[in-house]
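Inspection log for the structure reproduced underneath, given as structure tokens.
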Amino acid sequence: MIGPGWAGDPEPARTHAKPARRRRVAVVTGSRADFGLLRPVMAAVDAHHDLDLLAIAAGAHLIPPAVSFRDVKAQFPIADSIPMQKPGRTTRPDDAEALGTGISRLTRSFGSLEPDWVVVLGDRIEAFAAAAAANVGGWALAHLHGGDRAEGVADESMRHAISKLAHLHLPATQASADRLVRMGEKPEHVHVVGSPAIDDLATFEAMPEAEFSELGSPRAVVLLHPTGRPHEAEEHVTANLLDALAVLKIEPIVLAPNHDPGRAGVLRMLKERGQNIEPHRPRAWFVSLLKRIAMTDGVLVGNSSAGLIEAPALGCRVVDIGPRQNGRERPPAVRHADDQSAQAIERTILDTLAAPRPDGNDHPYGDGHTGERVAALLASVDPNTRGVLAKLNAY
């Protein structure tokens, strides 16, 4: 095993003297999705006696009406906010322009805040902007969920690019850690910590029956994100999913897609079919809904990473559609419809509902103590140690 795994003590194997002052940790969150995962890490950093949390809300958090920015602000003091994307502009060139804005503004923010560590998660443009600003600007960078494989839009390239910019690697699984080492990252800088998405699941209760009934007591949750295809292709896959549910007479609750390129196509078809689209909701609401869906033998259908991490851990059935999560480790209970035709999606949903309900135990993403491990590492690994900031490929 590379670095400390989640089976033992959360303290890293090698420690250093306590810093003369508390280390300043800038955690950059760019969307409702990554904030849900980063929240336990931010809470653990905030609670650690040797660390000071600097919460930075960027990118999609600030797209009007900026609902998710309020979620961050409600839980942590905001050290800075970094606008990047512009409303209604969701093409890949638009994302490239927003990326440049983010790098420039985050560089100024880091220069003002003087963090000892910058922390990012995953593969979105906000994380990539923070990683580029930190590495080029000389600030130490820690990366969560590096080494994963997932096609997404430009996700695969950006995730691995962030890994090459990072100085401390905090992968979720051993397979991801092994992949980072094969990429030339030093084994002593790679620590398996699990996924923070698991940390807070036990703190949420299942949605009350009355509230669930007000939503129509749905049998399926639809969470379908765009994958960067032309709008017509996104519309086609969305239509196929809705057709499959209609044939099976399954009433869904439809959650809004994220702001990746192709979003307009998904939204257009959902509205054309008369679907009520749930806007942004807090993570507590989402997890409570999944728990109720699991209890009522329902299913999550779409292509979100939540279908591979949170939902299976909650014992919720999952149908993953298309290539967006290709390469990511899948719990055994997750069924995949690679063929995105209505007939293939229908068959996969039927097979999933007929299978025994998953128990949530056979899960590759950790035990719910990731935030503590990350905080311990950030407090004990000195970013100024020789060989940390000055990167050298191990091959």
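The values are calculated or read from the model by the stated rules, or taken from the named source; none is laboratory data. Computed from a prediction, not measured in an experiment: that's the story for all the values here. Because the Cβ atoms are built from the backbone with ideal geometry, glycine has one as well, and the counts that use them run over all protein chains shown.
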TODO: Go through the stretch 222-233 and count every residue that is touching a Pro at 6+ places or on another chain (Cβ under 7 Å) and aliphatic (A, V, I, L, M).
DONE: 2
Open item on the list: So LEU350 passes all but one of these: (1) over 24 Å from GLY147 (Cβ atoms); (2) at pLDDT below 95. Which condition number does it fail?
Closed with: (2)
Open item on the list: Out of the residues in the stretch 353-391 meeting the condition of being among the hydroxyl-bearing types (Ser, Thr, Tyr) and either crowded, with 19+ Cβ neighbours inside 10 Å or touching a Ser or Thr at 6+ places or on another chain (Cβ under 9 Å) (or both), tell me which one is nearest to ILE293 (Cα to Cα).
Closed with: TYR365
Open item on the list: Being at pLDDT 95 or above and in a strand (DSSP E or B) is true for just one of SER104, SER81. Which residue is that?
Closed with: SER81
Task: Residues satisfying the stated conditions in the stretch 236-274, i.e. in a helix (DSSP H, G or I), more than 20 Å from VAL319 (Cα to Cα) and of a type in the set (D, E, K, R) - done: ARG263, ARG268, LYS271, GLU272
Open item on the list: I'm trying to understand the selection: among the residues of the stretch 267-282, which are within 20 Å of LEU38 (Cα to Cα) and buried (at least 21 other Cβ atoms within 10 Å of the Cβ)?
Closed with: none
Open item on the list: On the basis of being of a type outside the set (S, T, N, Q) and part of a helix (DSSP H, G or I), does ALA172 make the cut?
Closed with: no
Open item on the list: Being on the phi > 0 side of the Ramachandran plot and in contact (Cβ under 8 Å) with a residue 12 or more places away in the chain is the requirement here; does GLY366 meet it?
Closed with: yes
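So that you can scan it fast, the table gives a plain yes or no per residue for (1) closer than 25 Å to PRO93 by Cα; (2) at pLDDT 95 or above; (3) of a type in the set (A, V, I, L, M, F, W, C); (4) part of a loop (DSSP other than H, G, I, E, B):
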residue: ALA127; (1), (2), (3), (4): yes, yes, yes, no
residue: ALA130; (1), (2), (3), (4): yes, yes, yes, no
residue: GLY146; (1), (2), (3), (4): yes, yes, no, yes
residue: VAL153; (1), (2), (3), (4): yes, no, yes, yes
residue: VAL192; (1), (2), (3), (4): no, yes, yes, yes
residue: MET207; (1), (2), (3), (4): no, yes, yes, yes
residue: SER213; (1), (2), (3), (4): no, yes, no, no
residue: THR227; (1), (2), (3), (4): yes, no, no, yes
- [ ] Report, ordered by the first and then the second residue, all pairs with beta carbons closer than 7 Å, sequence separation of six or more or different chains, a first member in the stretch 325-346 that is touching a residue at least 24 places away in the same chain (Cβ under 8 Å), and a second member that is acidic (Asp, Glu) and surrounded by 14 or more Cβ atoms within 10 Å (Cβ to Cβ).
- [x] ASN326/GLU151; GLY327/GLU151; ARG328/ASP148; VAL334/ASP320; ALA342/ASP243
Open item on the list: Take the residues in the stretch 111-167 that are among the β-branched types (Val, Ile, Thr) and within 15 Å of the chain's Cα centre (by Cα); name whichever of them is surrounded by the fewest Cβ atoms within 10 Å (Cβ to Cβ).
Closed with: VAL153
Task: Residue among THR352, THR348, THR370 that alone is among the β-branched types (Val, Ile, Thr) and out of contact with any helix residue (DSSP H, G or I) (no Cβ under 9 Å at 6 or more places or on another chain) - done: THR352
- [ ] Answer yes or no as to whether ARG32 is among the basic types (Lys, Arg) and modelled with pLDDT of 95 or more.
- [x] no
Open item on the list: Quick test for you: out of GLU205, GLU232, GLU211, GLU251, pick the one residue that is surrounded by fewer than 20 Cβ atoms within 10 Å (Cβ to Cβ), of a type in the set (Asp, Glu) and in contact (Cβ under 8 Å) with a residue 60 or more places away in the chain.
Closed with: GLU205
- [ ] Could you figure out which of (1) modelled with pLDDT of 90 or more; (2) under 23 Å from ARG159 (Cβ atoms); (3) in a helix (DSSP H, G or I); (4) of a type in the set (A, V, I, L, M) isn't true of ALA57?
- [x] (3)
Task: Filter result (touching a residue at least 40 places away in the same chain (Cβ under 8 Å) and more than 28 Å from PRO358 (Cβ to Cβ)) within the stretch 261-295 - done: PRO261, GLY262, ARG263, ALA264, PRO279
